[in-house]
Amino acid sequence: MTLYLNSIEMGKGIYGAQATAKYKFNTTAAKLTKGQCALIAATLSNPIRFDSAHPSSYILKRQKQILRLMNLVPKFPPVEKEKKVSKPQKKKKR
């Protein structure tokens, strides 16, 4: 998920969550509000056409839907780091 969010285009020439937060909301990705996150999510289907910094009525409606869904999902428990990375097994030659 992190790789995806930090590499997708979220506006004309804007790639990744950090750049989007800075350009559209003059903040960092870590400091985005739930509302700002929902606005960005609402524009992901076509980020060049829909601008989260200047949302249309359609985007504001999508934002409300996304916020409602965000409130239904319980917070995820912290993810434990893997102690050992498993390596792929070599195939045996016949």
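The values are calculated or read from the model by the stated rules, or taken from the named source; none is laboratory data. Small disclaimer: the values here were computed from a predicted structure and weren't measured. All Cβ positions, even for glycine, are placed from backbone atoms using ideal geometry, and neighbour counts span all protein chains on display.
Using the structure shown, decide if ALA30 is on the phi < 0 side of the Ramachandran plot, modelled with pLDDT of 80 or more and surrounded by 13 or more Cβ atoms within 10 Å (Cβ to Cβ). Working first, answer last.
Values: on the phi < 0 side of the Ramachandran plot: yes; modelled with pLDDT of 80 or more: yes; surrounded by 13 or more Cβ atoms within 10 Å (Cβ to Cβ): no.
In short, no.
When the range 17-31 is filtered for residues that are of a type outside the set (S, T, N, Q) and touching a residue at least 12 places away in the same chain (Cβ under 8 Å), the ones remaining, listed by number, are ALA17, ALA21, TYR23, LYS24, PHE25, ALA29. Of the set (1) part of a helix (DSSP H, G or I); (2) free of Cβ contacts under 8 Å to residues at least 24 places away in the same chain; (3) surrounded by 16 or more Cβ atoms within 10 Å (Cβ to Cβ); (4) not aromatic (Phe, Trp, Tyr), all apply to ALA42 but (2). Residues that are under 10 Å from the mean Cα position of the chain (by Cα), surrounded by 13 or more Cβ atoms within 10 Å (Cβ to Cβ) and either modelled with pLDDT of 90 or more or within 21 Å of ARG49 (Cβ to Cβ) (or both) within the range 2-17 comprise LEU5, ILE8, MET10, GLY16, ALA17, listed in sequence order. Restricting the range 46-94 to residues that are among the aromatic types (Phe, Trp, Tyr) and part of a loop (DSSP other than H, G, I, E, B), which is modelled with the lowest pLDDT? That would be PHE76.
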